[in-house]
Amino acid sequence: MPNFDGGHYFYTGLFPVRWASEARREGIAKVPSHALREALATLPNFSEAAGQRRVSPFARCKATHFVRLAVIDDPAYNGRDGSDAILGAGTDLSVHQPVDHFSRAWLMMTADFDAPNGSDAARDAWAAGLWDLAKPELTAIFEHCLEFSRCDQRKPVESGADFAAYLAHGQIETTMSFNDYWIDAAAMGKALPTLSVTRVLLQVAVVLAIVLGIAWLAQRALAFNGGWMLWTAAAVIGVGAGLWSAYRLVMRRGARPWASAPNSDLKSVLKGLYLQQRLVGFASEHQGASPDDLHRAFGTFLAEVRPDDLDQPTQSRGVLKS
């Protein structure tokens, strides 16, 4: 499940932006892609201190680590296709090669959030909860996309369930997620043990033995003596089937998601950031203190920061601080 790894769901979605111009209050028509850019530009990213009013609406969700929204007008052009300089001698480089273009702009949405598994139900529960927390901001963004409002002749998105279905419709597979919370190699090995060469060879041997057994039973039942040709064919088929089975085994194991890394949920990450900042300040303030004074001060520090309490005190969501 490439969309899910390490206790995190990695959502990626693409949504076509509408074509028809919109009438603005000032009497000027504006294309939806420009109006969408305005909505994204006025959306707060983060605040630099807790308590500020303009905090990202996604920070209201207690499970969302990261959300990115961007308008994509066209695919990136990477230059001419490579070719052999000798075989391509005489090519007129002033004549361009075919270049891909989109028929319209697209809105891309990516998100990283805590989830119990990679199921559709987990994704939909997150999306419905996000809608309940940030309906005005989400409407201001997605109303410029196709199939979101009544003007597209479909049921408008009016509830959390509708929004979850809308995100599911625009979802594409996340093929390369980024999750770096695993830091202990030994723990990683226990969470997802390495598939040994012996296990792969055993898979081939078992399938080969099954095929040879079927060939022997068929020969006995049909009273047919195929000689060396029968056994050679059975061996070739058995080895081929065994290699295919081993390949499937490797692919299945490779598709398994990592288990959740310790303390990698949003609450724990925020608490870790808070403790890191406070500990740096503590170390700076107590340079040169005697062992007894340092011991007493550290006890007071632990009582203040409460490392085991993930709720308070901690770093606020949507706050960029270091």
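Answer with a single label: of (1) 51, 43, 42; (2) 86, 72, 53; (3) 63, 52, 34, which was calculated as Cα extents along the principal axes in Å from the structure in view? Correct label is (2).
With the biggest extent put first, the Cα atoms of segment 265-322 measure 38, 21, 13 Å across the principal axes.
The distance between label points at residue 300 and residue 247 comes to 6.8 nm (points 7 Å beyond Cα on the Cα→Cβ vector). Its convex hull of Cα atoms gives segment 4-117 a direction-averaged projected area, equal to a quarter of the hull surface, of 13.5 nm². What distance in nm separates the simple spin-label points at residue 263 and residue 85, each placed 7 Å from Cα in the Cβ direction? For residue 263 paired with residue 85, the spin-label model returns 5.5 nm.
Couplings for segment 311-316, taken from phi via the Karplus curve 6.51 cos²θ - 1.76 cosθ + 1.60 with θ = phi - 60°, read 8, 8, x, 7, 6, 5 Hz in order; Gly and Pro are left as x. Going by neighbour counts of Cβ atoms within 10 Å, the residues 274, 166 line up, fewest first, as 274, 166. Within segment 197-254, the proportion of C-alpha pairs whose separation exceeds 19 Å stands at 35%.
Each of the peptides 115-128, 276-289 was scored by the mean count of other Cβ atoms within 10 Å over its residues; in descending order, highest first, they stand as 115-128, 276-289.
Highest-first packing order for the peptide set 76-87, 34-45 is 34-45, 76-87, based on the mean count of other beta carbon atoms within 10 Å. Taking other C-beta atoms within 10 angstrom as a stand-in for reagent exposure, 292, 114 fall in the order 292, 114, fewest first. Arranged from fewest to most other beta-carbon atoms within 10 Å of their beta carbon, 148, 10 become 148, 10. Distant-in-sequence amide contacts of residue 10, defined by a placed amide H-H separation under 5 Å and a gap of 5 or more residues or a different chain, comprise 4, 5. Protection proxy ranking, highest mean first, for peptides 131-139, 171-179: 131-139, 171-179, where packing is the per-residue count of other beta-carbon atoms within 10 Å, averaged. Using DSSP H assignments, which helices in the chain have an axial alpha-carbon span of 27 Å or above and a mean Kyte-Doolittle hydropathy of 0.5 or higher? Counting only whole DSSP H runs, the qualifying helices are 197-222, 227-254.
The numbers here are math on the coordinates, done by the rules we state, and not lab data. Since the structure is predicted, the reported quantities are computational estimates derived from the model, not experimental observations. Note that each Cβ is placed from the backbone with ideal geometry, even for glycine, and that neighbours are counted across all protein chains shown.
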